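Every read-out reported here was derived from the displayed coordinates using simple, explicitly stated rules and does not represent laboratory data. Everything numeric in this text was worked out from a predicted model, so none of it was measured. Here the Cβ is made from the backbone with ideal geometry for all residues, glycine too, and neighbour counts use every protein chain on show.
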Amino acid sequence: MATVYLMDLRKKYNEDVLKVFDRFVDMAGGMKVVQKKSPAAVKLHVGESGNVNYVNPRYVNRLVDLIGEAGGRAFLTDTTTLYAGRRFRADLHIALAREHGFDFSPMIIADGLYGDEYVDIDGAKVASLFGHVDYMFCVSHFKGHLNCGFGGALKNLGMGCSAKGGKLEMHSKSKPYIDDSRCTQCLTCFEYCIHNAIVKNGERIKIEKRTCTGCAGCMSVCPEGAIKFSWDAVSSDIQRGIARYAASAVKNKKVFYLNFLMNISPNCDCFHTNEPMIASDVGVLASQDPVSIDQACYDLIKDAIDNLHPEVDATEQLHFAERFGAGERKYEIKSI
Ligand code: SF4
Ligand code: SF4
């Protein structure tokens, strides 16, 4: 049975909250995963432009300091998004991270400039950077999610550590296509695709479904946003995909998880609009098991999650993740 630690911000601590955080990370064994002088990946979500619900950078800054004091060399990391926004390409993503206060540490985008760099781990297109790290810190904002009921550590690993092609595979049952009404026939995608899956068909540019690998890189290079895909995967498929990808992302790694159960919004940090929170702040949870930590967060705000999308069974991702060997659902909780 895994242990999940809780820094309970519903109660009063008579000291600086970051000092409580230091003791909390220490108690949860956070620095035991650090390997001296080797790079420590801190995986996070910096929030889409306009979103303010993401994890407070002051906590992440303190975590980076603690890793440094323990002898590790921390850097921040995330991957490019599938949808067109401010995190669609690595350079734009890094600029946004700095705007959102994540400017205290180097940031490396894990799947490369266009999101097409990955390693195959058990059939999952995991962002290539994660093929090079032996340990990492997974910092997640736990909140509601349209497709999965909630998004926490498993979502941050499964979707968040995959290259663009992995995200495409989880969200869509089909390959990308070209919207003729937007395509100017500039041929940028044609020259980019190393799989020769983009062909000229008379006056049209077309993607050959048979040869397309679904890497989704062409979506990043098109200057017109003319390469699209269908969001046609259903909740169960997405949750299963997230669980499978999460298990691949952490394979052979030591990982310390922090889930921030604060600013509990109904949707993920990719949303830029303001929405009423679905539950009051609880605090921060820590564990070395991604399934247990998400299970514990879900149990703490179960009613809010279940009422948000009654049609979605949010526990599927937990069941699937346990089945794929990412962790276990049983846990004990210890409060600081
Ligand atoms: S890059 Fe975009 S606009 Fe250019 S040919 Fe390809 S789909 Fe058309
Ligand atoms: S056409 Fe397919 S294989 Fe080629 S870049 Fe686009 S997604 Fe990748």
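As an exercise, find the ratio Rg/Rh for segment 209-279 from alpha-carbon atoms, using the Kirkwood inverse-distance average for Rh.
Numbers: Rg = 17.1 Å, Rh = 16.4 Å.
Rounded to two decimals, Rg/Rh equals 1.04.
Okay, which of segment 268-292 sit inside 15 Å, backbone N to the point 7 Å along the Cα-Cβ direction of Asn307?
276-281
Listed highest first by mean packing, meaning other Cβ atoms within 10 Å per residue, what order do 235-241, 85-91 come in? Could the numbers behind the result be given before it?
Values: 235-241: 20.9, 85-91: 18.4.
The densest-packed peptide leads the list: 235-241, 85-91.
Count charges around Lys200 for me, please; just the other residues with Cβ under 14 Å from its Cβ, Lys/Arg as +1, Asp/Glu as -1. Working shown, then result.
On the way: positive: Arg204, Lys206; negative: Asp180, Glu191, Glu203, Glu208.
Value of the local net charge: -2.
So how much slack lies between Glu191 and Ile333, counting 0.36 nm per residue of separation and subtracting their Cα-Cα distance, in nm?
Numbers: separation 142, 0.36 × 142 = 51.12 nm, distance 5.40 nm.
The Glu191-Ile333 span can extend by a further 45.7 nm.
Between Glu208 and Ile108, what is the label-point separation in nm under the 7 Å Cα-to-beta-carbon projection?
3.6
If you average 1/r across every pair of different Cα atoms in segment 33-127 and take the reciprocal, what Kirkwood value do you get, in Å?
Details: mean 1/r = 0.0712 Å⁻¹.
Computed over segment 33-127, the radius equals 14.0 Å.
Hey, rough spin-label estimate for Met31 and Ala84, points 7 angstrom out along Cα→Cβ, what's it come to in nanometres?
4.7
Pairing the Cα long axis of helix 290-300 with the longest principal axis of the chain, what angle in degrees results, from 0 to 90 and rounded to the nearest 10?
Approximately 70 degrees, to the nearest ten.
At 0.36 nm per residue, minus the direct Cα-Cα distance, what do Glu15 and His272 gain on full extension? Give it in nm, one decimal, please. Walk me through the numbers before you get to the answer.
On the way: separation 257, 0.36 × 257 = 92.52 nm, distance 3.36 nm.
Between Glu15 and His272, full extension yields an extra 89.2 nm.
Non-local amide H neighbours of Ser162 (under 5 Å, H modeled in plane, Pro and chain starts lacking H): which ones?
Ala127
Enumerate the amide H contacts of Asp313 below 5 Å, restricted to partners 5 or more residues apart or on another chain; note that Pro and chain-start residues carry no placed amide H.
Sorted by chain and number, the residues that satisfy this come to none at all.
Could you work out which residue, out of Ala153, Ala233, Ala249, moves most in a Gaussian network model of the chain, that is, has the largest mean-square fluctuation with Cα springs under 10 Å?
Maximum among the listed residues: Ala233.
Using only Cα atoms, find the angle between the long axis of helix 235-249 and the longest principal axis of the chain, and express it within 0 to 90 degrees, rounded to the nearest 10.
Here the helix axis deviates by roughly 70 degrees.
Sorted by mean Cβ packing within 10 Å, highest first, what order do the peptides 26-34, 197-205 take?
Values: 26-34: 17.6, 197-205: 13.4.
The most tightly packed comes first, giving 26-34, 197-205.
Rounded to the nearest angstrom and ordered from largest down, what semi-axes does the equivalent ellipsoid of segment 175-228 get from its C-alpha gyration tensor (root of 5λ)? Don't jump to the answer; show the numbers that get you there.
Working: eigenvalues 43, 30, 20 Å².
Working from the Cα gyration tensor, I get semi-axes of 15, 12, 10 Å.
What is the sum of charges, Lys and Arg at +1 and Asp and Glu at -1, for the other residues whose Cβ falls under 10 Å from the Cβ of Met1? Don't skip to the answer; put the middle values down first.
Numbers: positive: Arg329, Lys330; negative: Asp289, Glu328, Glu332.
In short, -1.
Rounded, prolate or oblate, given the Cα gyration tensor of segment 232-336, with a/c below 1.5 counting as rounded? List each step's numbers first, then the result.
On the way: a/c = 1.67, a/b = 1.16, b/c = 1.44.
It comes out oblate by the Cα gyration axes.
Take the Cα pairs of the chain, get the Kirkwood Rh, then feed it into Stokes-Einstein at 25 °C and 0.890 mPa s and tell me D in µm²/s.
Translational diffusion coefficient: 121 µm²/s.
Estimate the FRET efficiency between Val119 and Lys173 by the formula 1/(1 + (r/R0)^6), using the beta-carbon distance for r and 25 Å for R0, to the nearest 0.05. Walk me through the intermediate numbers first.
On the way: r = 24 Å, r/R0 = 0.95.
That pair, Val119 with Lys173, gives E of 0.60.
Could you calculate the FRET efficiency of Asn56 with Met1 from 1/(1 + (r/R0)^6), where r is the beta carbon distance between them and R0 is 25 Å, rounded to 0.05?
On the way: r = 30 Å, r/R0 = 1.21.
It comes out at approximately 0.25.
In percent, how large is the relative contact order of segment 175-228, given Cα pairs closer than 8 Å and 6 or more residues apart?
Numbers: 74 pairs, mean separation 25.7, N = 54.
RCO, segment 175-228: 48 percent.
If you consider only alpha-carbon coordinates, what radius of gyration and Dmax does segment 153-265 have, in Å?
Looking at segment 153-265, its Cα Rg and Dmax stand at 17.0, 54 Å.
Which whole-angstrom value gives the distance between the alpha carbon centres of segment 53-81 and segment 185-217?
Spelled out, the Cα-based centre of one part sits 38 Å from the other.
As a footprinting exposure proxy, order Thr184, Thr213 by other Cβ within 10 Å, with the fewest listed first. Intermediate values should be presented prior to the final figure.
Working: Thr184 11, Thr213 14.
Listing Thr184, Thr213 from fewest to most nearby Cβ atoms yields Thr184, Thr213.
Contact order normalised by length for segment 195-336, with contacts defined as Cα pairs under 8 Å and 6 or more residues apart; what percent is it?
Rounded, it is 22 percent for segment 195-336.
Counting each DSSP H run of 4 or more residues in the chain as -39500 (n - 2.57), what helix-only mean residue ellipticity at 222 nm follows after dividing by all residues, to the nearest 500 deg cm²/dmol?
On the way: 11 runs with 99 residues, N = 336.
So the helix-based figure for the chain works out to -8500 deg cm²/dmol.
Give the calculated FRET efficiency between Asp299 and Leu92 to the nearest 0.05, with a Förster radius of 30 Å applied to their Cβ-Cβ distance.
Numbers: r = 37 Å, r/R0 = 1.24.
Taking R0 as 30 Å, the efficiency between Asp299 and Leu92 is 0.20.
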